[in-house]
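Structure first, then comments.
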Amino acid sequence: PTVRIILEPIKRGASGRTIVRVKTPDHEPFIGIHWNEEREDNSQFIPVANFLKQARLRVPKIIYDRARYRVALVEDLGDVDLLSLKDKPFEERLPLYRSAFEQVDKMFYAKPAKDFHLMPPFDAALYRWEQEYFFEYLVEESLDLYGVAAALRKNQDFIDLAERLGTVARHLVHRDFQSQNLMIKDDKVWLIDFQGLRRGRQEYDLASLIFDPYMDHSEEEREQLLTLWEDVADERPLETLFHECAAQRLMQALGAFGNIVKNRGDEWYRPHIATAGRLLGVVTAGTALEAPLAPVLAAIRKSQ
């Protein structure tokens, strides 16, 4: 009570958390986080942060926590994320993408203890949940295509996609690896919002960044990013699998955008629906998903 404290709200995402920057006369700024029980993964933030720090990934340090009260004080990484650099020339941003890919590659080899609690892995059921999120919040509630959504739910090709992607879940994935969650400090990428860490396909994280609707990379830029990843990891994802992971991720993102715009009234996400819809068309062109998704993508274009 004897120290002047300034709290600056930080609006980031929609994860049921309150985030503020705390400023005092005698200390460097730090971040205060309070979370509710809206999402199961919120309680994972502290243990996952400590694990990733021990694995030598670049994540903010936990300064102090009271998990029973759902609060933590965290290192302040600043305000510059990858999204804020969108208008910079792509060539200037490439070193930051290399930095991000290096973090994903390091995460690939991180080995948590056998008793370390992770969120449930990406299996067929989770992929189907993501698809249902898309059917409900984007196709039905946002576009009013109830008949189309009913047909998509029964479509065997979507069921088969979930089954194929869910057969392998051995390696750690961030689960929300996109430009808003990649902070820039000391010309390096630092990870945030990693509480959804789980086992799954590494291609899902790669697709999340390369087909990030917020950044809307061109075809040429996506190719450069894949080449960069190949240089970092000595391998290139199989195109079919990579595009299937991208389609899955974009459906999840579209469901989230639809939910946030319609039910939370946050219009910032609305323009990204058109971008994500166009990218979904790119990754499903010539596949079994192209025809059933056609009325959805057409409705997205018409609504913008």
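Under 29 Å from Arg270 (Cα atoms) and either assigned to a loop (DSSP other than H, G, I, E, B) or touching an Asp or Glu at 6+ places or on another chain (Cβ under 8 Å) (or both): does that describe Asp87? It is true that Asp87 is under 29 Å from Arg270 (Cα atoms) and either assigned to a loop (DSSP other than H, G, I, E, B) or touching an Asp or Glu at 6+ places or on another chain (Cβ under 8 Å) (or both). If you go through the stretch 66-84 and pick out every residue that is outside any loop (DSSP other than H, G, I, E, B) and either in contact with a helix residue (DSSP H, G or I) (Cβ under 7 Å, 6 or more places away or on another chain) or among the charged types (D, E, K, R) (or both), you end up with 7. Does the stretch 207-222 include one or more residues that are buried (at least 22 other Cβ atoms within 10 Å of the Cβ), more than 13 Å from the chain's Cα centre (by Cα) and free of Cβ contacts under 8 Å to residues at least 40 places away in the same chain? No: the stretch 207-222 contains no residue that is buried (at least 22 other Cβ atoms within 10 Å of the Cβ), more than 13 Å from the chain's Cα centre (by Cα) and free of Cβ contacts under 8 Å to residues at least 40 places away in the same chain.
Entry remark, the stretch 100-130: residues being surrounded by fewer than 19 Cβ atoms within 10 Å (Cβ to Cβ) and of a type in the set (Phe, Trp, Tyr) number 4 in total. Just one of the listed residues (Arg264, Arg278) is open to solvent by 50 Å² or more (accessible area, probe 1.4 Å) and modelled with pLDDT under 95, and it is Arg264. Of the residues making up the stretch 179-194, just one is open to solvent by 10 Å² or more (accessible area, probe 1.4 Å), on the phi < 0 side of the Ramachandran plot and in a loop (DSSP other than H, G, I, E, B), namely Ile192.
The set of residues in the stretch 152-178 being part of a strand (DSSP E or B) and of a type in the set (A, V, I, L, M, F, W, C) consists of Leu172, Val173. Filtering Ser99, Ser142 for residues that are hydroxyl-bearing (Ser, Thr, Tyr) and either assigned to a loop (DSSP other than H, G, I, E, B) or in contact with a Cys (Cβ under 7 Å, 6 or more places away or on another chain) (or both) leaves a single hit, Ser142. Per the listing Ala125, Ala149, the residue uniquely in a helix (DSSP H, G or I), closer than 30 Å to Asn259 by Cα and under 23 Å from the mean Cα position of the chain (by Cα) is Ala125.
A single member of Tyr97, Tyr133 is under 29 Å from Ile10 (Cβ atoms), surrounded by fewer than 19 Cβ atoms within 10 Å (Cβ to Cβ) and touching a helix residue (DSSP H, G or I) at 6+ places or on another chain (Cβ under 8 Å), and it is Tyr133.
Residue under question is Ala247, and the condition is that it be closer than 25 Å to Glu92 by Cβ, within 17 Å of the chain's Cα centre (by Cα) and either part of a loop (DSSP other than H, G, I, E, B) or touching a residue at least 24 places away in the same chain (Cβ under 8 Å) (or both); does it hold? No: the conditions fail for Ala247. Residue by residue through the stretch 63-77, note down the ones that are open to solvent by less than 30 Å² (accessible area, probe 1.4 Å) and within 17 Å of Asn181 (Cα to Cα). Hits for the stretch 63-77 are Val74, Leu77.
Inspection of the stretch 142-156 finds a residue satisfying the criterion of being touching a helix residue (DSSP H, G or I) at 6+ places or on another chain (Cβ under 9 Å), polar (S, T, N, Q), in contact (Cβ under 8 Å) with a residue 24 or more places away in the chain and surrounded by fewer than 19 Cβ atoms within 10 Å (Cβ to Cβ). Checking Val3, Val80 one by one, the residue that is surrounded by fewer than 16 Cβ atoms within 10 Å (Cβ to Cβ) and touching a Pro at 6+ places or on another chain (Cβ under 9 Å) is Val3 and no other.
Taking the criterion of being over 21 Å from the mean Cα position of the chain (by Cα) and surrounded by 15 or more Cβ atoms within 10 Å (Cβ to Cβ), the residues of the stretch 32-62 that qualify are Gly32, Ile62.
The values are calculated or read from the model by the stated rules, or taken from the named source; none is laboratory data. In this text the structure is predicted, and so the values were computed from the model without any measurement. Please note: Cβ atoms are built from the backbone with ideal geometry, for glycine as well, and neighbour counts cover all protein chains shown. Ligands, DNA and RNA are excluded from the accessible area calculation, which covers all protein heavy atoms including side chains. Shrake-Rupley method; radii C 1.70, N 1.55, O 1.52, S 1.80 Å.
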